[in-house]
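*Asks:* Shown below is the structure under consideration.
The values are calculated or read from the model by the stated rules, or taken from the named source; none is laboratory data. Keep in mind that what you see is a predicted model, and the values were worked out from it rather than measured. Heads up, the Cβs are rebuilt from the backbone with ideal geometry, glycines too, and the neighbour counts pull from every protein chain shown. Accessible surface areas use protein heavy atoms only, side chains included; no ligands, DNA or RNA. Shrake-Rupley method; radii C 1.70, N 1.55, O 1.52, S 1.80 Å.
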There are 4 protein chains.
Amino acid sequence: MEKETERIEAFSDGVFAISVTLLVLELHIPEVKDGNTYTHLLEQLKLQWPGYIAFVISFFSIFIIWVNHHKVFKQIYKRNTGLMFANGLILFLVSLVSFPSALLARFFLTDSKQLSVTIYTGLFVLINLAFNLLWQQATSDKKLLRPGISDAAIRQLRNNYLYGFPTYLAAFVVSFFYPDLALSICVLLWVFWAASSKKINFTETPAL
Amino acid sequence: MEKETERIEAFSDGVFAISVTLLVLELHIPEVKDGNTYTHLLEQLKLQWPGYIAFVISFFSIFIIWVNHHKVFKQIYKRNTGLMFANGLILFLVSLVSFPSALLARFFLTDSKQLSVTIYTGLFVLINLAFNLLWQQATSDKKLLRPGISDAAIRQLRNNYLYGFPTYLAAFVVSFFYPDLALSICVLLWVFWAASSKKINFTETPAL
Amino acid sequence: MEKETERIEAFSDGVFAISVTLLVLELHIPEVKDGNTYTHLLEQLKLQWPGYIAFVISFFSIFIIWVNHHKVFKQIYKRNTGLMFANGLILFLVSLVSFPSALLARFFLTDSKQLSVTIYTGLFVLINLAFNLLWQQATSDKKLLRPGISDAAIRQLRNNYLYGFPTYLAAFVVSFFYPDLALSICVLLWVFWAASSKKINFTETPAL
Amino acid sequence: MEKETERIEAFSDGVFAISVTLLVLELHIPEVKDGNTYTHLLEQLKLQWPGYIAFVISFFSIFIIWVNHHKVFKQIYKRNTGLMFANGLILFLVSLVSFPSALLARFFLTDSKQLSVTIYTGLFVLINLAFNLLWQQATSDKKLLRPGISDAAIRQLRNNYLYGFPTYLAAFVVSFFYPDLALSICVLLWVFWAASSKKINFTETPAL
């Protein structure tokens, strides 16, 4: 049975790859100043530390979203309009990540730190919702899925996103009071996904 | 029968994906100012609202153009020079979208609002013309098309673009007098295309 | 016989697609000024006309280089180190195009017009040389080529680039004295290539 | 046996292609000044020479990393979590290259020259480590590799990266004292890799 979704995956890969690579443009090259010394450049680079943190978190967040996208589309063989637009919504939100990421980098050391973290974690809540929408569209018509996919695999993928949702929501709510904790939750979710990604692989194998 | 157009589609996907992802660079990060407060950043972000509207309209317009490009190239199996250059013209115009989109964002709250909307809608008229040219090139020699494609499917695809043309032209003309209405027409056209995209899928299926 | 060059083509397509899409970043959005009027924005956009010309010439030049790259790699089935690095050289020079293109846009109305055109046309001379190097590497070992390729097809592809070389060299030399004429030669070469691309397609077909 | 890593390669190609193409954005277009003359633009372009050097070294360094990535993934047929994240680490570091590259361009003629070269060479040490990690992950479970791969080929690929490591480390250490020498070592390593890439091709062929 022919897989109809190859060009969707290619286009999505393009958007993911560009979104992740454009992040580096938010790191600023310090200006050369007269009397610039070794220590001076080092100091200026150190002052940018929130930018590095935003870069690392955003890069690996998008990377993990791509890994999940990859995993979901391995199970999708046909497309319909709902699926196309759920995927479009994911790509829209992912292409947007560099904006709140740059806000975070610039305002982390200001009075607006809390607001920048709230916007940042809020975007990931939306991305998670869009993923739930995608999987809901894909499973609403079983003809769209890989022939022979087990109900257990369908459940496991859905659970994966459903479990992500309260976590991102928690990060969002916490961001209003403890922005640092909220960012830590985002990072912890990677560890969870990196660990759980092994389990899902396991579920896929027996279905082959 | 071998499909000759794979690398054209891959290249086009690249241009679409980059065009859509570069749009985010037009959103500006507010400057940090001394005495910057929570409210201050929020105010500055709110002032940028035409930028968000331009970003959303441009993103989904390019996304729908990509969906249509995808749909058309599923029916094209061979290429000729005319096809290559009609496609090149589409890509040229799509890669240009971020420019009038940024104009719109920056001048929507100024005296030049009308001009920026006119340029913006005018570009989509040209993209629609380029699509008509592509489909006309593809159907001018039936050997270029998918073997066994029905005349009904050919007509339907052509009608899809022909119907789009007067709508975009209307948006362009209206933009001289009622810029807000012109933008609304562009958004309405998505809804039409999202709805009609289901119909086209249906036409494709029986031809398999 | 397996085609070994698919990932080279995918990577090259990526570089071509990005190079061509980044060109739009060289078009500048006029600043909003107090008392900005309809006429004012129009005036500012008109002042940028060398930027539009540079954008159009650079876009279609890279596009035609991509068409040619596509055509050449259809005949290449295996790779060796020389081929990889000749291709790397082409990509390096293509990724560079936006720099002299931006120079041209900015300095076309200044005393440095001639220099900017000379640098611009000089880059295309180098790209043409790199293409000749690629084809020379590919034909140096006939095992790299598509099985069953005719000697006539090999000659025709080589001639295509050899003919391009004196034309670009002429544009480069002419640029020192008549910059406008030099740019016109570059544009004429597209017409030649668009026309000759039909002929090459014809040569390929009987070889199938 | 199906190759499971195609979408990983497509995504990676995207990141490599964008990283390499974004480098050109670090070349600055001189400002137009009143009384700007032919000589003036030429002078300004000449002043940017460290930028050209950084561009050339960074472009071909990423290109060679891509060539090696290509070569390694030709031998990898299955993926696991470790592999996905080792690859993610490589992409993270590669997407970062344009930042130290721009630092190098801007600070090469200042007191901070040494620091900028140290950061630059340090990044390549990390990329080399990430490659060693990738290959170690791939070979930790022989089921991930191309069926029928010879132990000699596995050893040769590993040695290729192991040999690269002390060289990049040497460049890093040397950069503290002789920055120019450190950059020269990076360039020499290309020559080594270009030469050794021929040898590896040879090893692959008998394994077919």
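*Asks:* Go through A:L157, A:L181 for me and flag whichever is modelled with pLDDT of 70 or more and closer than 22 Å to A:F63 by Cβ.
*Replies:* Working: A:L181 fails: closer than 22 Å to A:F63 by Cβ.
Of A:L157, A:L181, the one residue that is modelled with pLDDT of 70 or more and closer than 22 Å to A:F63 by Cβ is A:L157.
*Asks:* Another one. From the list D:F63, D:F16, which residue is touching a His at 6+ places or on another chain (Cβ under 8 Å), in contact (Cβ under 8 Å) with a residue 40 or more places away in the chain and among the aromatic types (F, W, Y)? Quick ask: steps written out before the conclusion?
*Replies:* Numbers: D:F63 fails: touching a His at 6+ places or on another chain (Cβ under 8 Å).
Going through D:F63, D:F16 in turn, just one is touching a His at 6+ places or on another chain (Cβ under 8 Å), in contact (Cβ under 8 Å) with a residue 40 or more places away in the chain and among the aromatic types (F, W, Y): D:F16.
*Asks:* Quick check: anything in region B:106-118 over 30 Å from C:L42 (Cα atoms), in contact (Cβ under 8 Å) with a residue 24 or more places away in the chain and of a type in the set (A, V, I, L, M)? Before you say what the answer is, go through the steps one by one.
*Replies:* Taking region B:106-118 as the starting set, the residues that turn out to be over 30 Å from C:L42 (Cα atoms) are none.
Within region B:106-118 (the criterion being over 30 Å from C:L42 (Cα atoms), in contact (Cβ under 8 Å) with a residue 24 or more places away in the chain and of a type in the set (A, V, I, L, M)), the answer is no, since none of the residues qualifies.
*Asks:* Out of the residues in region D:1-56 meeting the condition of being more than 26 Å from A:I65 (Cβ to Cβ), over 18 Å from the mean Cα position of the chain (by Cα) and among the charged types (D, E, K, R), tell me which one is modelled with the lowest pLDDT.
*Replies:* Restricting to residues being more than 26 Å from A:I65 (Cβ to Cβ), over 18 Å from the mean Cα position of the chain (by Cα) and among the charged types (D, E, K, R), the top hit is D:D34.
*Asks:* Can you pull out the residues in region C:63-119 that are within 8 Å of another protein chain (Cβ to nearest Cβ), part of a helix (DSSP H, G or I), hydroxyl-bearing (S, T, Y) and farther than 24 Å from B:L93 by Cβ?
*Replies:* Selection gives C:T81, C:S116.
*Asks:* If the Cβ limit is 8 Å and pairs must be 6+ apart or interchain, which residue in region B:129-146 that is closer than 11 Å to B:L157 by Cβ pairs with which residue that is among the aromatic types (F, W, Y) and surrounded by fewer than 16 Cβ atoms within 10 Å (Cβ to Cβ)?
*Replies:* The qualifying pairs are B:N132/B:F165.
*Asks:* Further question on the same structure: Sort out which residues of region C:102-152 are under 20 Å from the mean Cα position of the chain (by Cα), open to solvent by 50 Å² or more (accessible area, probe 1.4 Å) and either within 20 Å of C:F177 (Cα to Cα) or not polar (S, T, N, Q) (or both), and write them in order of number.
*Replies:* Scanning region C:102-152 gives C:I119, C:L126, C:L129, C:L133.
*Asks:* If you don't mind, another one. Could you check A:R155 against (1) touching a helix residue (DSSP H, G or I) at 6+ places or on another chain (Cβ under 9 Å); (2) open to solvent by 50 Å² or more (accessible area, probe 1.4 Å); (3) among the basic types (K, R) and say which number it fails?
*Replies:* (1) is the only condition that A:R155 fails.
*Asks:* With the requirement that a residue be closer than 20 Å to B:F92 by Cα and acidic (D, E), what does region C:1-20 give you?
*Replies:* C:D13 - this is the single residue of region C:1-20 that is closer than 20 Å to B:F92 by Cα and acidic (D, E).
*Asks:* I'm trying to understand the selection: among the residues of region A:40-54, which are more than 8 Å from every other protein chain (Cβ to nearest Cβ) and either closer than 18 Å to D:V94 by Cβ or out of contact with any helix residue (DSSP H, G or I) (no Cβ under 9 Å at 6 or more places or on another chain) (or both)?
*Replies:* Across region A:40-54, the qualifying residues are A:E43, A:Q44, A:K46, A:L47, A:W49, A:Y52.
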